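Report on the following structure.
The values are calculated or read from the model by the stated rules, or taken from the named source; none is laboratory data. What you see is a predicted model, and the numbers here were worked out from it, not measured in a lab. A quick note on method: Cβ atoms are made from the backbone with ideal geometry, for glycine too, and the neighbour counts reach across all protein chains shown.
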């Protein structure tokens, strides 16, 4: 299925300016990946506001839920009024919200400002891929996306390392304040150096009703996943949220099929390859998030390393992604997206399967190697998958295309956190019972049961990556190097 944009004319910036776009856009978008620094500040935040540890999760929920639900709507807004305009507005909004988060006098205000930060992140993430891809001809799209993905992975890698230093020096507000200058610098550079190509489809309208219904559906789904894991899948808040989300989704599908200019053209999902590509992206992120979810507990409680060394180990996965991304962009000009996607997914599965073999005395080289392989495979897959999705959707809807790739990643992360926690608890309870029947010492029940459950979860994650690879191979992409 070759892009429907073949032959469409649009204004492409001069070659000497084009390569500034991914650099400047990545600097502005870095405010999002650098939010991993906030996780390091959780202990300081709970101490500062005197809240229980279980409450700190809302710092993440309010943020992720907001930007995840707004991505497609913001992407469509960029297609209508201009991606550069929305991106610049997002930079200004993000700078103000980050400052307010650091200034927050109470925990309730911090949560409110995190919602505002989520709005800004949605504005940035939804239009950033479009600004990058529209600055290049289709033959160079993969390379540009590789650079963009590499720089985003670099920001994710630096987040915990910088966050720990800033919290130690200036306290928890510093994890918000240090990003404000970066965002403002990116805004100034964007004004002068990032160009908005002019497409031949002016006068598009924004579907506000469809965007609202889609936002409510996605927000309800993500919150239902979170609450189902916390309160139980049969609890009435979970059921109510799930029912509301499905109702909004049903209305959205009904309305979008009748709308002249919908938020997203649902006819795209009639193409099997396109639907499978997005499904595989969700599965890959569900499988990969087990690393961030469970590996820290293994490193600290089983491998018994320090938090500092554990952070360095954990950084190997995004480091692998960072190294693979430019290579993936280069390979896309020489092989089909399908082949690179499958290769990346098999590497993800191999890394996760290797992690499932860890024990209390695993060699350091194997820990670093398996995390690096998993991250490297994910980097190859993400570049190939994003290149395919953005190549299928018309250039005048590239905001929606970029938003869709970010949305499937977000859904995968939230579902991965839910499924990973559920499987760990289920397997840990089962192995605890088995160890008790074999007469294992009480002092060993907890660590042994956790390690066995840890290994089981990663075996399931590796199988999920393999299933995604098989689906991708069977989808028969028809995109080929230009």
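Residues in region 38-66 that are assigned to a helix (DSSP H, G or I) and over 24 Å from residue 415 (Cβ atoms): 40, 43, 44, 45, 46, 47, 48, 49.
Residue count for region 407-420 under the criterion of being over 16 Å from residue 121 (Cβ atoms) and modelled with pLDDT under 80: the result is 2.
Considering only region 197-212, state which residues are at pLDDT 70 or above and assigned to a loop (DSSP other than H, G, I, E, B). Within region 197-212, 205, 206, 207 qualify. Might you check whether a residue that is part of a helix (DSSP H, G or I), surrounded by fewer than 24 Cβ atoms within 10 Å (Cβ to Cβ) and within 20 Å of the chain's Cα centre (by Cα) occurs anywhere in region 119-127? Scanning region 119-127 turns up at least one residue that is part of a helix (DSSP H, G or I), surrounded by fewer than 24 Cβ atoms within 10 Å (Cβ to Cβ) and within 20 Å of the chain's Cα centre (by Cα).
Just one of the numbered conditions (1) farther than 23 Å from residue 62 by Cβ; (2) without any contact (Cβ under 8 Å) to a residue 40 or more places away in the chain is not true of residue 274; which one? Exception for residue 274: condition (2). For region 72-88, check the following and say yes or no: at least one residue is touching a helix residue (DSSP H, G or I) at 6+ places or on another chain (Cβ under 8 Å), free of Cβ contacts under 8 Å to residues at least 60 places away in the same chain and outside the structural domain of residue 249 (by TED's automatic domain parsing). No - not one qualifying residue is present in region 72-88. Against the conditions (1) at pLDDT below 95; (2) in contact with a helix residue (DSSP H, G or I) (Cβ under 7 Å, 6 or more places away or on another chain), residue 462 satisfies every one except (1). Per this entry, residue 95 is not counted among residues that are crowded, with 24+ Cβ neighbours inside 10 Å, in contact with a helix residue (DSSP H, G or I) (Cβ under 7 Å, 6 or more places away or on another chain) and assigned to a helix (DSSP H, G or I).
Residues that are at pLDDT 85 or above, at negative phi and surrounded by fewer than 15 Cβ atoms within 10 Å (Cβ to Cβ) within region 35-50 comprise just one, 47. Exactly one residue among 63, 99, 67 is over 27 Å from residue 289 (Cβ atoms) and either at pLDDT below 90 or assigned by TED's automatic domain parsing to the domain that holds residue 170 (or both), and that residue is 99.
Within region 150-186, the set of residues being at pLDDT 90 or above and within 23 Å of the chain's Cα centre (by Cα) comprises 175, 176, 177, 178, 179, 180, 182, 183, 186.
Given the criteria surrounded by fewer than 24 Cβ atoms within 10 Å (Cβ to Cβ), closer than 22 Å to residue 21 by Cα and either free of Cβ contacts under 8 Å to residues at least 60 places away in the same chain or assigned by TED's automatic domain parsing to the domain that holds residue 393 (or both), does residue 137 qualify? For residue 137, the condition - surrounded by fewer than 24 Cβ atoms within 10 Å (Cβ to Cβ), closer than 22 Å to residue 21 by Cα and either free of Cβ contacts under 8 Å to residues at least 60 places away in the same chain or assigned by TED's automatic domain parsing to the domain that holds residue 393 (or both) - is not met.
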